[in-house]
Amino acid sequence: MIKAGWRSFWTYGCVVALCQPLAACGSAENPAASTKEASASTRAATIPADAPLVIAFGDSLYAGYQLGPKEGLAPQLQAALAADGVIARVQNAGVSGDTTATGRQRLTFVLDNAKAKPAVVLLGLGGNDMLRGIDAAQTRANLDAMLAELRKRDIPVVLTGMVAAPNLGADYAAKFDPIFPELAAKYDASLYRFILDNVVTDKALMLGDNIHPNAKGVAVIAEALAPLVEEELPDPN
C-alpha cells in the first residue's frame, strides 16, 4: 500500500459509496470534447511512423473521461515522454466502464489490430471491479490472464494499480490490494501502485465527481508514469 495514498484515501472511500462506477462517456479513440478542443488537437506534434508504440489499455482513468483530446492519459504521457527527449506514440486503448472481465475479452483484439507490435503496454484495470464489489479472486484471475497474454507476446508491461476504498471493509481490501504488487512480481512487470496517488485527495486535480482526474490531475499521473515507461522502451541506440 502506498502510504501517502492510503492516508488520504478515506476521502475517496466516502465518495465511492455515492458514485456510479467509472462511468462511460465517449470512446477510447474519441473521448467527449468541445469543437474548440477538437480543433486544437490538429496541432499535435508529428510522431515518426516508426516510433515505438505504447498502448494505454485501461478504463475511464485511461480513456480521458470528460477531457479534451489532448488532455487524457495517452496524449499527456506522449507529451511527457517527448519532454524527456523520448519519442513514442501512445495509443489510447482505454474504455470507460471496463472491468477486468471486459478488458480481458478485448485485449487480444486490440493487440492483433495494433499498427505495430507494442513496445510497452500500460495496463490499468480493476477500479470498476472494486467499485462494484466484484470478487477479488475474479479480478486477480482476469489480470493474471492478461499479463500472461502479454508475456506470451513478449511485450513489457507497466501495471497501474488500484486500492480498495475503505468503506468496502478490511476483508475486501486484504484480498484486493495485494493483487497488483503480487502479479507485477509474478510477471516481472513495472508497477505504479496506485494510479490516483497524489491526485485523488486534491480537489484542484479532480473532476466534480471526485473519482476522475481533471487535465491537471492527469498531468501529475503522466509525469509519474513517464520514467517507468522509459525504462521499458527499447534503447534507440
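For the range 112-214, the calculated P(r), taken from all Cα-Cα distances in 10 Å bins from zero up to the bin holding the longest distance, is 14, 42, 32, 11, 0 percent.
In plain terms, the C-alpha convex hull of the range 185-237 casts an average shadow of 4.8 nm² when viewed from every direction. Evaluated at q = 0.16, 0.19, 0.23 Å⁻¹, the base-10 log of the normalised Debye intensity for the range 79-120, with identical point scatterers placed on the Cα atoms, takes the values -0.55, -0.71, -0.87.
Report, to two decimal places, the Cα Rg of the range 35-165 normalised by 2.2 N^0.38 Å (N = number of residues). Intermediate values should be presented prior to the final figure.
On the way: Rg = 15.2 Å, N = 131, 2.2 N^0.38 = 14.0 Å.
Here the Cα radius of gyration is 1.08 times the empirical estimate.
Each principal axis of the Cα cloud of the range 110-164 was taken in turn, and the coordinate range along them, longest first, works out to 36, 17, 15 Å. What net charge do the residues around Ala136 carry, taking every other residue with its C-beta under 10 Å from that of Ala136, with Lys and Arg at +1 and Asp and Glu at -1? Every neighbour counted, the sum reads -2. Is the range 157-202 rounded, prolate or oblate when judged by the Cα gyration tensor, a ≥ b ≥ c being the square roots of its eigenvalues, rounded requiring a/c under 1.5 and prolate requiring a/b larger than b/c? Oblate. Working ranking of peptides 182-188, 197-203 by packing, defined as the average number of other Cβ atoms within 10 Å per residue, highest first, is 197-203, 182-188.
For the cross-link pairs Lys115/Lys216; Lys152/Lys186; Lys70/Lys203; Lys115/Lys152; Lys117/Lys216, the ones whose C-alpha atoms lie over 24 Å apart are Lys115/Lys216; Lys117/Lys216.
Here, each number is a calculation from the coordinates, and none is a lab measurement. What you see is a predicted model, and the numbers here were worked out from it, not measured in a lab. When we count neighbours, we look across all protein chains shown, and the Cβ atoms used for this are built from the backbone with ideal geometry, even at glycine.
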